[in-house]
1. Where does each of 225-234, 40-49 land if you order them by average Cβ count within 10 Å, highest first?
2. Over all alpha-carbon pairs in region 428-482, figure out the percentage whose distance exceeds 13 Å.
3. Output needed: percent of Cα pairs per 10 Å distance bin for the chain, bins running from 0 to the one holding the longest distance.
4. If each of residue 216 and residue 472 carries a label point 7 Å out from its Cα toward its Cβ, how far apart are those two points in nm?
5. What are the extents of the Cα atoms of region 119-191 along their three principal axes, in Å, largest first?
6. Taking the Cα-to-Cβ direction at residue 438 and at residue 132 and moving 7 Å from each Cα, how far apart do the two end points lie in nm?
7. Residue separation times 0.36 nm, minus the C-alpha to C-alpha distance between residue 164 and residue 394: what's the value?
8. Treat each spin label as a single point 7 Å out from the Cα along the C-beta direction, and report the residue 378 to residue 459 distance in nm.
Ligand SMILES: [Zn+2]
């Protein structure tokens, strides 16, 4: 079994074959840090985080770079408006982005490469393009001459005639042709600049990606990802720059693009009043609910973000989390067979173990099929139903230690792939101390109830609830669990 992935360049699913051994070089277009991270970013970066987590678990040695566009028109404009420097502004919002990604359990990026750290590489690449006749200087600007690169538009399928028609609206007398794009922009008063062979100026947008990727990966590499709005002109321009520069084809073997995020059926936009930053969303929903909502859709599918949908997602996630907790609780009750005679598995154990391994295989098969998290998670719901039937309620059965241990191990793998079921995993001394403290509080609450001090009992319950710890009283005693519901 191999991983299949949909390649925007060839418009079909292909078998994943790394260019070198099991090494995968992967680049995803990063943010322009001039404002807070929004839900569209969260969708894209969670999608690629999940893909990279999966590829690593699948045994690939992934080197994942995200660039940071820390100089561009938006940054210059916002720095002026807020009376700060471009550098300070970019640093502030890059750090905000890291905080948001941390909250969403996005950890897979190996290297964040800031455009302004690669000015010499950018200049060298532009010089090569001029030498090879693909670029020209004009009044301190350098442009890529699109019609010199015959295959321009092969990723998006845009043809030069359409391009020219579209670009004709913006007349720029420095350009030879309206469709040409800037590799280097001449300095304007009040803007940051770097020295170059063509005078003071700053890099264009597309060139930073190829300068960075060619620095770390060489002329060709495996996977390039990004949001769907980047296919044209950004990624088509990257292909033109890199292939013109190196003469090697293809620049990137697999191009992966995510689906759009809409809000209440419309494109998310500040002007429509439906704009959500990640921080807004985390004020209202737990990070687990938000992440689950986004991974419970195939990465190429568009997503419609509504309060109802995310509340449904939260409940679904809680169901899976409860099953995982149930498995762990049962496992803690059963004695480990270590150092003892092996126990013969009963028919019920065998049956449970068969469900377990069938659903595990189905999960992996779905993930192998272009990272179909929707289908993979659908199998977890079916597994959850089978587990709940056997471990809880009136149909409760005793399941052997080794089967429970295998179930727990599977859930850990699901969690590592999806970036879920991890947040409440308390382990080691700290985790044990924490559990004992919660148990102690529950004992104090119990004593308070016995002496009819209900105010004290409620105070403890409410305080724990504010920490997302929910108490469940039943005839068997009091249990507690984490809740994904926002406090
Ligand atoms: Zn990019």
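1. Packing order, densest peptide first, comes out as 40-49, 225-234.
2. So the portion of pairs separated by more than 13 Å is 61 percent.
3. Percent of pairs per bin, in order: 4, 16, 24, 23, 15, 9, 6, 3, 0.
4. Between residue 216 and residue 472, the label points sit 4.4 nm apart.
5. 34, 26, 18
6. Each label point lies 7 Å from its Cα, and together they span 5.8 nm.
7. 75.7 nm
8. If labels sit at residue 378 and residue 459, their model points lie 5.2 nm apart.
Every number in this text was worked out from the coordinates using simple rules, so none of it is lab data. Because the structure is predicted, anything quoted here is derived from the model rather than measured. Positions of Cβ are backbone-derived with ideal geometry, glycine not excepted, and every protein chain shown enters the neighbour counts.
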